[in-house]
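Please treat every number below as a calculation from the coordinates, not as lab data. Only a predicted model underlies this, so the values are computations on that prediction, with no experimental measurement involved. Neighbour counts are summed over all protein chains in view; Cβ atoms, including those assigned to glycine, are modelled from backbone coordinates with ideal geometry.
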Amino acid sequence: MDSYIIGAATILMSCVFSVFGLLITRKFFDMDKLKASHDVGGYLISVVGTLYAVLLGLVVVDSMQKFQDARDVTEKEATALADVFVLAGRLPEPKSKVVRNLCRDYVDLVMDREWQAMDDGKYSPEARLAAVDLMKVLIDFEPTTENQKALYPQMVSDVSQVWQSRRSRVSAAVNGLPEVEWITLLVGGAVTVFFTYFFCLENLKLQIVMTVMVAMLISLNLDLILLFAYPFSGDLRVGVDAFALDRDIFDHHQDGLGTQN
């Protein structure tokens, strides 16, 4: 719940600062002069507001899509790994046991080490090495029987899918929203709120309410970006359930699925 509390506190603070800025503007600018600028200011704020709304909306949608993509590649990685484990039951010994042990080791490293590391925008070198070892073992295998020759291309395809999905997952964890985008969004939000100060209403309380609504709406969207742009960090993040299912599958097949020599 920490990220939600931080988000709520940030939204509250943005609303407080927006009201503070409005009161400062009212103190240093004459109301009659502010009213005289309404006609021109109305056209300008429509341009500023529209440009910022389009930018903010695109970034929100892009962040949500990245979150969904991160979830999808995680599912693909776990599914392909389970396929490798199952098909390894048709390999001769000791190759079958080696492949299956590497699958188990990889799942353990991802769940016990890498998932926590991704919360800090990092990854586990040990898990990466385990994935590389798994690929090497399968690629170095030379099928001999017709059954092995039929299954081998599928196993190579599956282990390649594991590696490709892993790279996408790690990239999503390490590379969040670029700093330049955050700066643009924050500056754009501040400018949009600041622009509303140049519209003066006789009823100060009503203008405060309107300003707070604008600041709150912008802050809510920025909070959405913060939650979705980092799919493996915070409280709202992609879970490790797919790999937990793999671990259950592996544990239920300790003795293999009919190993063929």
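Structure values in brief
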| quantity | calculated |
| --- | --- |
| Net charge over other residues, Cβ less than 13 angstrom from the Cβ of D120 (K, R count +1; D, E count -1) | +1 |
| C-alpha long axis of helix 204-228 to longest principal axis of the chain, angle in ° | 10 |
| Likely footprinting exposure, V162, V156, fewest C-beta neighbours within 10 Å first | V156, V162 |
| Answer label, with Rg and Dmax of the Cα atoms in Å calculated from the coordinates and candidates (i) 18.2, 61; (ii) 27.1, 92; (iii) 24.9, 78 | (ii) |
| The chain - mean residue ellipticity at 222 nm from DSSP helices (-39,500 (n - 2.57) per run, n ≥ 4, rounded to 500) | -26500 deg cm²/dmol |
| Taking the chain and dividing mean pair separation by its residue count, relative contact order in percent (alpha carbons under 8 Å, at least six apart) | 41 |
| ³J(HN,Hα) computed for each position of region 48-58 - Karplus, 6.51 cos²θ - 1.76 cosθ + 1.60, integer Hz, glycine/proline x | 4, x, 5, 4, 5, 4, 5, 4, 5, x, 5 |
| For D108, D246, order by how many other beta-carbon atoms lie within 10 Å, fewest first | D108, D246 |
| Under 14 Å, Cβ to Cβ, from V19 - net charge with Lys/Arg +1 and Asp/Glu -1 | +3 |
| Proximal lysines relative to K66, as straight alpha-carbon distance under 16 Å, when same-chain residues fewer than 8 apart are discounted | K76 |
| Gaussian network model of the chain, Cα within-10 Å springs - most flexible of I183, I249, I225 | I183 |
| Value of relative contact order over region 129-261, rounded to a whole percent, pairs C-alpha under 8 Å and six or more apart | 20 |
| Sorted by Cβ density within 10 Å, fewest first, the residues S18, S96 | S96, S18 |
| R0 of 41 Å, Cβ-Cβ distance A150-L129: FRET efficiency to nearest 0.05 | 0.85 |
| Cα-projected label distance for D119 with K97, points at 7 Å along beta-carbon direction, nm | 3.7 |
| Over region 100-205, relative contact order from alpha-carbon pairs under 8 Å, at least 6 apart, % | 27 |
